[in-house]
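**Q** Below is a structure I'd like to ask you about.
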Amino acid sequence: MSWIRESLSLRVSESQLLCLDQTLLPHQEVWQEGTHPDQMEALIQNLQVRGAPLIGVAAVLCLGLFAQKQNPSEEEFRRQALRLRESRPTAVNLMRAIDRLLEKSSDGAAALFAEALEIFDEDVALCAAIGKNGAELIVDGEGVLTHCNTGGLATVGMGTALGVITTSFTQGKKIHVYVDETRPLLQGGRLNTWELEKAKVPYTLICDNMAGFLMSKGKVQKVIVGADRIAMNGDFANKVGTYSLAVLCKHHGIPFYTAAPATTLDPDCESGSNIPVEERAADEVRRDWAPKSAPVWNPAFDVTPAELVSGWILDKEVVSFEDVQKGRLKELV
Ligand code: MRU
(Lines give C-alpha, C1' and ligand atoms only; values in the text may rest on other atoms or scores of the structure.)
Protein backbone atom coordinates (compact mmCIF):
# COMPACT_ATOMS: atom_id res chain seq x y z
CA MET A 1 0.00 0.00 0.00
CA SER A 2 1.38 3.43 -0.78
CA TRP A 3 0.72 5.64 2.24
CA ILE A 4 0.46 9.35 1.58
CA ARG A 5 0.93 10.17 5.27
CA GLU A 6 2.37 7.99 8.05
CA SER A 7 2.96 8.53 11.75
CA LEU A 8 3.71 6.27 14.70
CA SER A 9 0.00 5.45 15.01
CA LEU A 10 -1.71 6.38 11.70
CA ARG A 11 -1.27 5.29 8.07
CA VAL A 12 -3.38 6.85 5.36
CA SER A 13 -3.65 6.19 1.64
CA GLU A 14 -6.13 7.60 -0.94
CA SER A 15 -8.58 4.88 0.10
CA GLN A 16 -7.73 3.58 3.57
CA LEU A 17 -6.92 4.72 7.11
CA LEU A 18 -5.18 2.35 9.53
CA CYS A 19 -4.74 3.10 13.23
CA LEU A 20 -2.34 1.39 15.61
CA ASP A 21 -4.48 -0.08 18.40
CA GLN A 22 -3.17 1.69 21.51
CA THR A 23 -5.10 -0.59 23.88
CA LEU A 24 -2.94 -3.56 22.83
CA LEU A 25 0.44 -1.88 23.25
CA PRO A 26 3.15 -2.55 24.32
CA HIS A 27 2.85 -6.30 23.75
CA GLN A 28 0.97 -6.41 20.43
CA GLU A 29 1.23 -4.04 17.46
CA VAL A 30 -2.11 -4.44 15.68
CA TRP A 31 -3.41 -2.01 13.05
CA GLN A 32 -7.18 -1.42 12.94
CA GLU A 33 -9.24 -0.16 10.05
CA GLY A 34 -10.51 3.40 10.70
CA THR A 35 -11.66 4.27 7.19
CA HIS A 36 -15.40 4.59 7.90
CA PRO A 37 -16.90 6.89 10.59
CA ASP A 38 -18.56 3.83 12.23
CA GLN A 39 -15.09 2.36 12.74
CA MET A 40 -13.52 5.65 13.81
CA GLU A 41 -16.20 6.44 16.38
CA ALA A 42 -15.60 3.07 18.06
CA LEU A 43 -11.80 3.41 17.91
CA ILE A 44 -11.95 6.83 19.59
CA GLN A 45 -14.48 5.82 22.23
CA ASN A 46 -12.53 2.65 23.14
CA LEU A 47 -9.26 4.66 23.33
CA GLN A 48 -7.69 2.52 20.60
CA VAL A 49 -7.07 5.94 19.02
CA ARG A 50 -6.38 8.45 21.80
CA GLY A 51 -4.50 11.62 22.72
CA ALA A 52 -5.96 15.08 22.06
CA PRO A 53 -4.19 15.98 18.79
CA LEU A 54 -4.40 12.44 17.41
CA ILE A 55 -8.17 12.07 17.75
CA GLY A 56 -8.63 15.35 15.85
CA VAL A 57 -6.34 14.33 13.00
CA ALA A 58 -7.69 10.77 12.81
CA ALA A 59 -11.30 11.98 12.74
CA VAL A 60 -10.73 14.47 9.89
CA LEU A 61 -8.75 11.97 7.82
CA CYS A 62 -11.60 9.51 8.25
CA LEU A 63 -14.15 12.14 7.19
CA GLY A 64 -12.01 13.15 4.21
CA LEU A 65 -11.87 9.53 3.04
CA PHE A 66 -15.58 9.10 3.70
CA ALA A 67 -16.28 12.09 1.43
CA GLN A 68 -13.99 10.73 -1.31
CA LYS A 69 -15.17 7.12 -1.21
CA GLN A 70 -18.90 7.42 -0.50
CA ASN A 71 -19.70 10.72 -2.19
CA PRO A 72 -22.27 11.53 0.55
CA SER A 73 -24.78 14.38 0.36
CA GLU A 74 -23.68 17.48 2.28
CA GLU A 75 -26.33 16.65 4.88
CA GLU A 76 -24.99 13.10 5.37
CA PHE A 77 -21.41 14.39 5.57
CA ARG A 78 -22.41 16.86 8.28
CA ARG A 79 -24.26 14.13 10.18
CA GLN A 80 -21.17 11.90 10.26
CA ALA A 81 -18.91 14.83 11.16
CA LEU A 82 -21.11 15.87 14.09
CA ARG A 83 -21.22 12.29 15.30
CA LEU A 84 -17.41 12.06 15.40
CA ARG A 85 -17.27 15.52 16.95
CA GLU A 86 -19.24 14.12 19.90
CA SER A 87 -17.27 10.89 20.27
CA ARG A 88 -15.27 12.31 23.22
CA PRO A 89 -16.12 15.54 25.05
CA THR A 90 -12.95 16.97 26.61
CA ALA A 91 -10.16 17.35 24.02
CA VAL A 92 -11.02 20.48 22.05
CA ASN A 93 -8.60 19.49 19.27
CA LEU A 94 -11.28 17.06 18.05
CA MET A 95 -13.95 19.76 17.81
CA ARG A 96 -11.64 22.36 16.30
CA ALA A 97 -10.34 19.99 13.59
CA ILE A 98 -13.84 18.84 12.62
CA ASP A 99 -15.13 22.43 12.58
CA ARG A 100 -12.43 23.27 10.03
CA LEU A 101 -13.78 20.53 7.79
CA LEU A 102 -17.40 21.55 8.35
CA GLU A 103 -16.55 25.05 7.14
CA LYS A 104 -15.59 23.43 3.82
CA SER A 105 -18.45 20.93 3.67
CA SER A 106 -19.81 22.40 0.44
CA ASP A 107 -16.40 22.51 -1.31
CA GLY A 108 -16.38 18.87 -2.48
CA ALA A 109 -14.57 15.69 -1.48
CA ALA A 110 -11.12 16.59 -2.84
CA ALA A 111 -11.06 19.85 -0.84
CA LEU A 112 -12.13 18.03 2.34
CA PHE A 113 -9.43 15.39 2.02
CA ALA A 114 -6.82 18.06 1.22
CA GLU A 115 -7.85 20.00 4.35
CA ALA A 116 -7.50 16.84 6.46
CA LEU A 117 -3.98 16.26 5.11
CA GLU A 118 -3.15 19.88 5.89
CA ILE A 119 -4.31 19.39 9.49
CA PHE A 120 -2.02 16.32 9.67
CA ASP A 121 0.96 18.32 8.38
CA GLU A 122 0.23 21.20 10.75
CA ASP A 123 0.27 18.86 13.75
CA VAL A 124 3.72 17.57 12.76
CA ALA A 125 5.02 21.15 12.59
CA LEU A 126 3.31 22.23 15.83
CA CYS A 127 4.85 19.30 17.73
CA ALA A 128 8.34 20.08 16.41
CA ALA A 129 7.99 23.72 17.53
CA ILE A 130 6.77 22.70 21.01
CA GLY A 131 9.72 20.30 21.34
CA LYS A 132 12.18 23.04 20.42
CA ASN A 133 10.64 25.67 22.76
CA GLY A 134 10.30 23.27 25.69
CA ALA A 135 13.75 21.72 25.39
CA GLU A 136 15.27 25.12 26.16
CA LEU A 137 13.85 24.84 29.68
CA ILE A 138 15.47 21.49 30.43
CA VAL A 139 18.87 21.48 32.06
CA ASP A 140 21.50 18.76 31.62
CA GLY A 141 21.23 16.15 34.37
CA GLU A 142 17.62 16.85 35.37
CA GLY A 143 14.97 14.35 36.45
CA VAL A 144 11.74 15.05 34.56
CA LEU A 145 8.44 13.52 35.57
CA THR A 146 5.55 13.13 33.14
CA HIS A 147 1.99 11.81 33.24
CA CYS A 148 -0.13 10.06 30.59
CA ASN A 149 1.16 9.52 27.06
CA THR A 150 1.85 12.67 25.05
CA GLY A 151 4.31 11.36 22.48
CA GLY A 152 4.23 10.23 18.87
CA LEU A 153 1.33 7.93 19.66
CA ALA A 154 -0.88 10.77 20.91
CA THR A 155 -0.13 13.11 17.97
CA VAL A 156 1.03 12.61 14.38
CA GLY A 157 4.28 14.41 15.12
CA MET A 158 6.90 13.89 17.81
CA GLY A 159 4.45 14.63 20.63
CA THR A 160 3.95 17.46 23.09
CA ALA A 161 5.27 16.94 26.67
CA LEU A 162 7.06 13.76 25.66
CA GLY A 163 8.32 15.55 22.54
CA VAL A 164 9.96 18.17 24.79
CA ILE A 165 11.64 15.36 26.72
CA THR A 166 12.87 13.44 23.65
CA THR A 167 14.06 16.67 21.99
CA SER A 168 16.22 17.60 24.99
CA PHE A 169 17.60 14.03 25.03
CA THR A 170 18.42 14.24 21.32
CA GLN A 171 20.22 17.52 22.03
CA GLY A 172 22.58 15.51 24.25
CA LYS A 173 21.19 16.44 27.67
CA LYS A 174 21.57 13.61 30.17
CA ILE A 175 18.06 13.51 31.56
CA HIS A 176 16.16 10.84 33.45
CA VAL A 177 12.43 10.47 32.89
CA TYR A 178 10.05 9.39 35.64
CA VAL A 179 6.96 7.85 34.06
CA ASP A 180 3.72 7.91 36.05
CA GLU A 181 1.90 4.71 35.13
CA THR A 182 -1.35 6.77 34.86
CA ARG A 183 -4.18 4.82 36.39
CA PRO A 184 -6.75 3.62 35.47
CA LEU A 185 -5.81 2.88 31.84
CA LEU A 186 -2.02 3.00 32.17
CA GLN A 187 -1.15 5.27 29.24
CA GLY A 188 2.17 5.99 30.97
CA GLY A 189 2.98 2.42 31.97
CA ARG A 190 2.06 0.93 28.59
CA LEU A 191 2.68 3.70 26.05
CA ASN A 192 5.39 6.06 27.37
CA THR A 193 7.53 3.05 28.25
CA TRP A 194 7.08 1.72 24.69
CA GLU A 195 8.00 5.10 23.16
CA LEU A 196 10.92 5.79 25.51
CA GLU A 197 12.41 2.36 24.88
CA LYS A 198 12.23 2.94 21.12
CA ALA A 199 13.93 6.35 21.61
CA LYS A 200 16.46 4.84 24.07
CA VAL A 201 15.73 7.52 26.68
CA PRO A 202 16.55 6.39 30.26
CA TYR A 203 13.40 6.16 32.40
CA THR A 204 11.93 4.72 35.57
CA LEU A 205 8.31 3.65 35.82
CA ILE A 206 6.47 4.59 39.02
CA CYS A 207 2.92 4.15 40.28
CA ASP A 208 1.10 7.50 40.36
CA ASN A 209 0.98 7.53 44.16
CA MET A 210 4.79 7.40 44.39
CA ALA A 211 5.34 10.83 42.82
CA GLY A 212 5.25 12.79 46.11
CA PHE A 213 7.80 10.58 47.83
CA LEU A 214 10.04 10.69 44.74
CA MET A 215 9.91 14.49 44.82
CA SER A 216 10.75 14.54 48.54
CA LYS A 217 13.92 12.59 47.67
CA GLY A 218 15.03 15.39 45.31
CA LYS A 219 14.80 13.24 42.17
CA VAL A 220 12.44 15.48 40.18
CA GLN A 221 13.53 18.90 38.87
CA LYS A 222 10.63 19.45 36.45
CA VAL A 223 7.19 18.08 35.71
CA ILE A 224 5.89 18.38 32.14
CA VAL A 225 2.46 17.16 31.11
CA GLY A 226 0.18 17.56 28.10
CA ALA A 227 -3.27 19.14 27.86
CA ASP A 228 -6.64 18.28 26.36
CA ARG A 229 -8.13 21.75 26.58
CA ILE A 230 -6.65 25.05 27.76
CA ALA A 231 -9.04 27.78 28.86
CA MET A 232 -8.24 31.42 28.14
CA ASN A 233 -7.34 32.08 31.81
CA GLY A 234 -4.73 29.26 31.64
CA ASP A 235 -6.67 26.58 33.54
CA PHE A 236 -6.35 23.31 31.67
CA ALA A 237 -7.77 19.81 31.52
CA ASN A 238 -5.45 16.83 31.22
CA LYS A 239 -5.43 13.17 32.20
CA VAL A 240 -6.76 12.66 35.72
CA GLY A 241 -3.88 12.83 38.19
CA THR A 242 -2.37 15.95 36.63
CA TYR A 243 -3.90 18.28 39.25
CA SER A 244 -2.41 16.20 42.10
CA LEU A 245 1.03 16.51 40.49
CA ALA A 246 0.64 20.29 40.22
CA VAL A 247 -0.23 20.51 43.93
CA LEU A 248 2.75 18.31 44.82
CA CYS A 249 5.03 20.53 42.72
CA LYS A 250 3.81 23.62 44.57
CA HIS A 251 4.68 22.02 47.92
CA HIS A 252 8.13 20.93 46.74
CA GLY A 253 8.95 24.08 44.75
CA ILE A 254 9.26 22.14 41.48
CA PRO A 255 8.43 23.93 38.20
CA PHE A 256 5.29 22.48 36.60
CA TYR A 257 4.65 22.94 32.86
CA THR A 258 2.00 21.97 30.38
CA ALA A 259 2.97 21.53 26.71
CA ALA A 260 0.38 21.75 23.93
CA PRO A 261 -0.22 22.99 20.39
CA ALA A 262 -2.37 26.03 19.63
CA THR A 263 -5.11 23.58 18.60
CA THR A 264 -5.57 22.73 22.31
CA LEU A 265 -6.49 26.34 23.18
CA ASP A 266 -10.22 26.92 23.46
CA PRO A 267 -11.12 30.53 22.62
CA ASP A 268 -14.70 29.92 23.79
CA CYS A 269 -13.70 28.69 27.22
CA GLU A 270 -12.99 31.43 29.75
CA SER A 271 -11.94 29.22 32.66
CA GLY A 272 -11.50 25.61 33.70
CA SER A 273 -14.97 25.47 35.21
CA ASN A 274 -16.36 25.57 31.62
CA ILE A 275 -14.40 22.48 30.49
CA PRO A 276 -16.58 19.36 30.09
CA VAL A 277 -14.89 16.44 31.84
CA GLU A 278 -15.56 12.99 30.42
CA GLU A 279 -16.68 10.32 32.89
CA ARG A 280 -15.97 6.77 31.78
CA ALA A 281 -17.21 3.28 32.62
CA ALA A 282 -16.89 2.00 36.19
CA ASP A 283 -15.23 -1.26 35.11
CA GLU A 284 -12.15 0.68 33.95
CA VAL A 285 -11.48 1.33 37.65
CA ARG A 286 -12.85 -1.91 39.13
CA ARG A 287 -10.96 -4.14 36.69
CA ASP A 288 -11.00 -7.73 37.93
CA TRP A 289 -9.99 -7.06 41.53
CA ALA A 290 -12.82 -4.93 42.99
CA PRO A 291 -16.33 -6.26 43.66
CA LYS A 292 -18.47 -5.99 40.52
CA SER A 293 -20.88 -3.90 42.60
CA ALA A 294 -18.24 -1.43 43.89
CA PRO A 295 -19.49 2.14 43.37
CA VAL A 296 -16.96 4.04 41.25
CA TRP A 297 -16.19 7.59 40.15
CA ASN A 298 -14.12 7.62 36.95
CA PRO A 299 -13.42 11.09 35.52
CA ALA A 300 -10.96 10.66 32.63
CA PHE A 301 -9.50 14.15 33.19
CA ASP A 302 -9.04 16.74 35.89
CA VAL A 303 -8.62 20.51 35.72
CA THR A 304 -5.48 22.26 36.96
CA PRO A 305 -5.84 25.95 37.88
CA ALA A 306 -3.51 28.40 36.17
CA GLU A 307 -1.91 29.57 39.41
CA LEU A 308 -0.20 26.18 39.78
CA VAL A 309 1.41 26.38 36.32
CA SER A 310 4.95 27.72 35.82
CA GLY A 311 4.59 28.02 32.04
CA TRP A 312 2.52 26.96 29.03
CA ILE A 313 4.89 25.48 26.43
CA LEU A 314 3.15 26.25 23.14
CA ASP A 315 4.35 26.05 19.54
CA LYS A 316 4.88 29.82 19.26
CA GLU A 317 6.43 30.48 22.68
CA VAL A 318 6.54 29.52 26.34
CA VAL A 319 3.86 31.67 27.95
CA SER A 320 4.42 32.88 31.53
CA PHE A 321 1.73 33.17 34.21
CA GLU A 322 2.00 36.97 34.03
CA ASP A 323 1.39 36.92 30.26
CA VAL A 324 -1.54 34.52 30.66
CA GLN A 325 -3.07 37.02 33.09
CA LYS A 326 -2.61 39.78 30.50
CA GLY A 327 -4.63 37.69 27.98
CA ARG A 328 -1.75 36.31 25.89
CA LEU A 329 -3.46 32.94 25.25
CA LYS A 330 -6.26 34.69 23.35
CA GLU A 331 -3.65 36.09 20.93
CA LEU A 332 -2.13 32.64 20.30
CA VAL A 333 -5.31 30.68 19.40
O1 MRU B 1 -7.78 9.66 27.57
P2 MRU B 1 -6.56 9.96 26.74
O3 MRU B 1 -5.53 8.89 26.77
O4 MRU B 1 -6.92 10.37 25.33
O5 MRU B 1 -5.93 11.24 27.45
C6 MRU B 1 -4.82 11.85 26.88
C7 MRU B 1 -4.22 12.93 27.69
O8 MRU B 1 -4.74 13.33 28.71
C9 MRU B 1 -2.97 13.56 27.14
O10 MRU B 1 -2.16 14.04 28.17
C11 MRU B 1 -3.39 14.74 26.24
O12 MRU B 1 -4.32 14.31 25.29
C13 MRU B 1 -2.24 15.36 25.54
S14 MRU B 1 -1.68 14.32 24.20
C15 MRU B 1 -0.46 15.12 23.35
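**Q** Show me 84-94, 265-275, 142-152 ranked by packing, highest mean number of other Cβ atoms within 10 Å first.
**A** Sorting 84-94, 265-275, 142-152 by mean packing, highest first, produces 142-152, 84-94, 265-275.
**Q** Treat each spin label as a single point 7 Å out from the Cα along the C-beta direction, and report the C207 to R83 distance in nm.
**A** For the pair C207/R83, the computed spacing is 4.2 nm.
**Q** Can you give the angle from 0 to 90° between the axis of helix 242-252 and the longest principal axis of the chain, with both taken from C-alpha atoms, to the nearest 10?
**A** Result, in degrees: 20.
**Q** So, one more: Need one number: % antiparallel among DSSP beta bridges in the chain, to the nearest 5.
**A** If I count the DSSP bridges inside the chain, around 50 percent turn out antiparallel.
**Q** If you average the alpha carbon positions of region 255-325 and of region 184-199, how far apart do those two centres end up, in angstrom?
**A** That distance is 19 Å.
**Q** On a 0 to 90 degree scale, rounded to 10, what angle separates helix 92-102 from the longest Cα axis of the chain?
**A** Tilt of helix 92-102: around 20 degrees.
**Q** So if R0 is 35 Å, what FRET efficiency would D283 and D140 give, r being the distance between their Cβ atoms, rounded to the nearest 0.05?
**A** 0.20
**Q** Is there a quick way to get the dipole size of region 137-222? I mean about its Cα centre, with the Cβ of Lys and Arg at +1 and of Asp and Glu at -1; what is the value in debye to the nearest 20?
**A** 140
**Q** Sum up the charges of everything whose Cβ sits under 14 Å from the Cβ of E142, counting Lys and Arg as +1 and Asp and Glu as -1, but leave E142 out.
**A** Summing Lys and Arg as +1 and Asp and Glu as -1 gives +2.
**Q** As an exercise, use a Förster radius of 41 Å and the Cβ-Cβ distance of V247 and E103 to find the FRET efficiency, rounded to the nearest 0.05.
**A** Working from the Cβ atoms, E equals 0.55.
**Q** If you take the square roots of the eigenvalues of the alpha-carbon gyration tensor of region 130-332 and sort them as a ≥ b ≥ c, do you get rounded (a/c under 1.5), prolate (a/b over b/c) or oblate?
**A** Oblate shape, in that a/c is at least 1.5 and b/c is the bigger or equal ratio.
**Q** Now a separate question. Run the quick spin-label model on E197 and E76: label points 7 Å from Cα toward the beta carbon, then report their separation in nm to one decimal.
**A** Reported label-point gap for E197 and E76 is 4.4 nm.
**Q** With everything on Cα atoms, drop me the angle between helix 74-85 and the longest principal axis of the chain, reported from 0 to 90° to the nearest 10.
**A** Long axis of 74-85 versus the principal axis of the chain: about 20 degrees.
**Q** Any idea which of T150, Q325, L112 is furthest toward the positive side of the dipole for the chain, if Lys and Arg beta-carbons carry +1 and Asp and Glu beta-carbons -1?
**A** Projecting each Cα onto the dipole axis, the largest value belongs to T150.
**Q** Mind pulling the per residue volume of the convex hull built on the Cα atoms of region 5-127? Å³ is fine.
**A** 90
**Q** Which trypsin sites (Lys or Arg not before Pro) in region 227-300 sit in a loop by DSSP (not H, G, I, E or B) and have at most 16 other Cβ atoms within 10 Å of their own Cβ?
**A** R287, K292
**Q** So what is the accessible area of region 130-332 per residue, in Å², with the probe set to 1.4 Å?
**A** 41
**Q** Moving to a separate point now. Leaving ligands, DNA and RNA out of it, report the carbon-plus-sulfur percent of the accessible area of the chain at a 1.4 Å probe.
**A** C and S fraction of accessible area: 51 percent.
**Q** From Cα pairs below 8 angstrom and at least 6 apart in sequence, can you work out the relative contact order of region 130-332, rounded to a whole percent?
**A** Computed value for region 130-332: 22 percent relative contact order.
**Q** For a quick protection proxy, order the peptides 190-202, 44-56 by their average other-Cβ count within 10 Å, most packed first.
**A** Output ranking for 190-202, 44-56: 44-56, 190-202.
**Q** Taking the Cα centre of region 1-100 as origin, work out the dipole magnitude from +1 charges on Lys and Arg Cβ and -1 charges on Asp and Glu Cβ, in debye rounded to 20.
**A** 280
**Q** Hey, another quick one. Where Lys and Arg each count +1 and Asp and Glu each count -1, what net charge lies around A125 among other residues with Cβ under 12 Å from its Cβ?
**A** Result for the neighbourhood of A125: -3.
**Q** Charges on Cβ only, +1 for Lys and Arg, -1 for Asp and Glu, centred on the Cα centroid of region 130-332; of G311, I175, P261, which one is farthest towards the dipole's positive end?
**A** I175
**Q** With a 1.4 Å probe and all protein chains left in place, how much accessible area per residue does region 5-127 have, in Å²?
**A** Accessible surface, normalised per residue, equals 39 Å².
**Q** Sorted by mean Cβ packing within 10 Å, highest first, what order do the peptides 205-212, 18-25 take?
**A** In decreasing order of mean packing, 205-212, 18-25 become 18-25, 205-212.
**Q** Among S9, Q39, V240, pick out the residue whose Cα is farthest towards the positive end of the charge dipole of the chain, where Lys and Arg carry +1 and Asp and Glu carry -1 on C-beta, about the Cα centre.
**A** Most positive-ward Cα: V240.
**Q** Net charge within 9 Å of H176 by Cβ-Cβ distance, Lys/Arg positive one each and Asp/Glu negative one each, not counting H176 itself?
**A** +1
The values are calculated or read from the model by the stated rules, or taken from the named source; none is laboratory data. Being a predicted model, the structure only gives us computed values, none of them experimental. Counting neighbours? That spans all protein chains shown, and the Cβs are built from the backbone with ideal geometry, glycine included. With ligands, DNA and RNA removed, areas are computed over all heavy atoms of the protein, side chains included. Shrake-Rupley method; radii C 1.70, N 1.55, O 1.52, S 1.80 Å.
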